[in-house]
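A quick write-up on the structure given underneath.
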Amino acid sequence: MKLYEMTACEAAAALRKKEVTSQELTESVLERISGVEGIIKGFITILESEKILQEAKKIDKLLAEGKKLSPLAGIPMALKDNICTQGIPTTYASKMLENYRPSYDAHVTEKLKEAGTVLMGKANMDEFAMGSSTERSFFHPTRNPWDISRVPGGSSGGSAALVAADEIFFSLGSDTGGSVRQPASMCGVVGLKPTYGLVSRYGLAALAPSLDQVGPLSKDVRDCAMVLDIIAGHDPRDSTSAKSKDNYVDYLGREVKGFKIGFPKEFFGEGLEEPVKKVIMEALAKSEQLGAEVDEISLPKTPYVLPCYHLVVSAEISSALARYDGVRYGFRAREGDTLSELYRQTRSRGFGSEVKKRIILGTHVLRTEHYDDYYWKALKVRTLIKQDFEKVFRDYDLIATPTSPTTAFKLGAKNDDPQTVHSRDNYTRAANLTGIPAISIPCGFVEGLPVGLQIMGRPFEEGRMLQFCYALEDMLGVKGYKPEISVEGGH
């Protein structure tokens, strides 16, 4: 096994046993990046090798001195490029912020620095996290390591692809409607959206502030729990930050016999590809072998999730992106004799088509004459959807669904059909509207492409969710499968 092929946990154990150094791990990852990044294109920014290795050597020195550090100290990782990094480009994959270098670190960046992890660079994404394929980046599309003719999902597609391609040990992404879980499913890695408020949003580019959450993408469930242990916790700089926190690794290995799992019939109907459904149902059958009780349930408000989500998210996008005006920071158009014209030219040229489309929709629904008919009504429906889940969670510990209705699709194949584009995240959006935690774990393959199983839990019960997924991961038998990356593509 090459060093870069290890899980973060395996690499950390080797470090503690002094079988390997952080410098050696980092050099191995740099070699891997050199070999495959030209094909995958998962990064927007890769830091200078000398600076990266200096950080790794610092960690090695501290470990040699017997300093008590985080379990993930010395482990190379990446951050999605909408998470602020002081002095390091944070572009949000947009022309609008092509040359932006923040003057501060995001909360999660601070936590990972304190933990001694080694930042390799910033991962590619759909512009301002608006997309489901990472084709809408201003810089370049990212390719799926399982088949380079296909997308990695989005908007955290770069983060997922880098983990799947062994270019890093883990990464962080952001999830507003499935942007961590959907690419995790398509790239065959683990992706977690924590409970709203568990992880601080300070320093995360605001897209839809009532929906956004930062979450880890990792090679397996244990790695995911280890990362969550570091980044979770209260932050006074985020007014929505919760004080609830747990020790998530402690839950791993506990028995799951007696867990009650519900699978909603509304998630297994039209739109779900039959081969994907077959793999999901086989995974649920293996849950029963663990001693879990699996029942069909109903979430009757599910048909309203999609329209509700789009009204809420578009309204919040319109508000959050109003700050990009060419005056304070970022791209500024040279033309324009008046302030209004400066705004118009800057925003027309600085934003991509998908971003402008969502801003226009959001501005429309927030107009005084439309507010009650659209946005206010959507908020009421959001409450009804939340009540659906609360009712189920009175009787069930977890809810299981497909993460995505399809496996990864061809690059450029579905961008002209808005209905198809939005259907990619049909199964992931409810967790953001309700604020509950949700995770995607690999559960099988369809024609050599990964399929993800989504598990949703009660608020702030990430520990129990990870407990179940850790047990199921072993039963599923797909952990450790890796893509063969070649110019021709394919598995």
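Some notes on this structure:
- The listed residues are Lys410, Lys414, and the only one of them that is basic (Lys, Arg) and at pLDDT below 95 turns out to be Lys414.
- Against the test of being buried (at least 24 other Cβ atoms within 10 Å of the Cβ) and either closer than 21 Å to Ser49 by Cα or not charged (D, E, K, R) (or both), the options Ala129, Ala115 yield a single qualifying residue, Ala129.
- When segment 473-483 is filtered for residues that are out of contact with any strand residue (DSSP E or B) (no Cβ under 7 Å at 6 or more places or on another chain) and either in a helix (DSSP H, G or I) or surrounded by fewer than 20 Cβ atoms within 10 Å (Cβ to Cβ) (or both), the ones remaining, listed by number, are Asp474, Met475, Gly477, Lys479, Gly480, Tyr481, Lys482.
- Residue identified as free of Cβ contacts under 8 Å to residues at least 12 places away in the same chain and not in a helix (DSSP H, G or I) among Met1, Met77: Met1
- Just one of the listed residues (Ser155, Ser200, Ser241) is surrounded by fewer than 24 Cβ atoms within 10 Å (Cβ to Cβ) and touching an Asp or Glu at 6+ places or on another chain (Cβ under 7 Å), namely Ser241.
- Complete set of residues in segment 101-126 that are over 17 Å from the mean Cα position of the chain (by Cα), farther than 17 Å from Phe169 by Cβ and assigned to a loop (DSSP other than H, G, I, E, B): Arg101, Pro102, Ser103, Tyr104, Asp105
- Residues that are farther than 17 Å from Gly116 by Cα, assigned to a helix (DSSP H, G or I) and touching a residue at least 40 places away in the same chain (Cβ under 8 Å) within segment 31-53 comprise Arg32, Ile33, Val36, Glu37, Ile39, Ile40, listed in sequence order.
- Only a single item in (1) at pLDDT below 95; (2) charged (D, E, K, R); (3) not in a loop (DSSP other than H, G, I, E, B) is not met by Arg464, and it is number (1).
- Test: residue in segment 21-38 that is surrounded by 17 or more Cβ atoms within 10 Å (Cβ to Cβ), at positive phi and in contact with a helix residue (DSSP H, G or I) (Cβ under 9 Å, 6 or more places away or on another chain): no
- Residue in segment 432-469 that is farthest from the chain's Cα centre (by Cα), counting only those that are aromatic (Phe, Trp, Tyr) and surrounded by fewer than 24 Cβ atoms within 10 Å (Cβ to Cβ): Phe445
- When Lys61, Lys80 are screened for being at pLDDT 95 or above and in contact with a Gly (Cβ under 6 Å, 6 or more places away or on another chain), only Lys80 passes.
- Enumeration of residues in segment 389-415 that are more than 30 Å from Thr142 (Cα to Cα) and in contact with a helix residue (DSSP H, G or I) (Cβ under 8 Å, 6 or more places away or on another chain): Phe389, Asp397, Leu398, Ile399
- Taking the criterion of being surrounded by fewer than 24 Cβ atoms within 10 Å (Cβ to Cβ) and among the basic types (Lys, Arg), no residue of segment 158-197 qualifies.
- Residue check for Arg382: in contact with a Leu (Cβ under 6 Å, 6 or more places away or on another chain), part of a helix (DSSP H, G or I) and at pLDDT 95 or above: yes
- Qualifying residue in segment 87-100 (condition: assigned to a loop (DSSP other than H, G, I, E, B), touching a Lys or Arg at 6+ places or on another chain (Cβ under 8 Å) and among the charged types (D, E, K, R)): no
- Output for segment 74-114, where each listed residue is charged (D, E, K, R) and over 30 Å from Leu63 (Cα atoms): Lys95, Glu98, Arg101
- Single match in Gly177, Gly203 (criterion: more than 17 Å from Ala431 (Cβ to Cβ) and not polar (S, T, N, Q)): Gly203
- Matching residues in segment 136-146 - criterion: being part of a loop (DSSP other than H, G, I, E, B) and either touching an Asp or Glu at 6+ places or on another chain (Cβ under 7 Å) or crowded, with 24+ Cβ neighbours inside 10 Å (or both): Arg136, Ser137, Phe138, Pro141, Thr142, Arg143, Pro145, Trp146
- All positions within segment 170-186 that are out of contact with any strand residue (DSSP E or B) (no Cβ under 6 Å at 6 or more places or on another chain) and not polar (S, T, N, Q): Gly177, Gly178, Pro183, Met186
- Some residue of segment 270-282 being outside any helix (DSSP H, G or I), at pLDDT below 95 and either out of contact with any Cys (no Cβ under 8 Å at 6 or more places or on another chain) or on the phi > 0 side of the Ramachandran plot (or both): yes
- Any hit, segment 386-406, residues being over 29 Å from Glu288 (Cβ atoms) and modelled with pLDDT of 95 or more: no
- For segment 156-175, the count of residues that are more than 10 Å from the chain's Cα centre (by Cα) and hydroxyl-bearing (Ser, Thr, Tyr) is zero.
The values are calculated or read from the model by the stated rules, or taken from the named source; none is laboratory data. All of these numbers come straight from a predicted model, not from anything done at the bench. Note that each Cβ is placed from the backbone with ideal geometry, even for glycine, and that neighbours are counted across all protein chains shown.
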